[in-house]
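Written out below as structure tokens is the structure these notes cover.
The values are calculated or read from the model by the stated rules, or taken from the named source; none is laboratory data. Small disclaimer: the values here were computed from a predicted structure and weren't measured. Here the Cβ positions follow ideal geometry from the backbone for every residue, glycine too, while neighbour counts run over all protein chains shown.
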Amino acid sequence: MNQKFEQREIFKEKFKELCNKREVNSKDVLANLRLHKNYVTLLGLVRIANYFEVSISALLEN
């Protein structure tokens, strides 16, 4: 259970880093991808990985 929480936090942090690197607003990205405020789902992970052209594992690794 603790590992799942850690991966969620890593994913959130990586998402913020990618948004900052590309100079885009995270809310705009979520709206563009039609994701809700709770974007930490499998669908959210896949859509964000595709949007930023990174691997899913890159979003989950520290």
Keeping to segment 37-54, report how many residues are surrounded by fewer than 17 Cβ atoms within 10 Å (Cβ to Cβ), under 9 Å from the mean Cα position of the chain (by Cα) and part of a helix (DSSP H, G or I).
1
When every residue in segment 1-19 that is assigned to a helix (DSSP H, G or I) and farther than 15 Å from Val54 by Cα is compared, the one farthest from the chain's Cα centre (by Cα) is Asn2
Test set (1) part of a helix (DSSP H, G or I); (2) at pLDDT below 95; (3) surrounded by 12 or more Cβ atoms within 10 Å (Cβ to Cβ) - Ser57 fails condition number:
(3)
Positions within segment 1-28 being among the polar types (S, T, N, Q) and closer than 12 Å to Ala58 by Cα, in sequence order
Gln7
Hits in segment 6-36 - residues which are surrounded by 14 or more Cβ atoms within 10 Å (Cβ to Cβ) and of a type in the set (S, T, N, Q):
Gln7, Ser26
Determine the pairs where a residue that is without any contact (Cβ under 8 Å) to a residue 24 or more places away in the chain, located within segment 12-37, has a partner that is not in a helix (DSSP H, G or I) with Cβ atoms under 6 Å apart, the partner being 6 or more residues away or on another chain.
Leu30/Tyr39
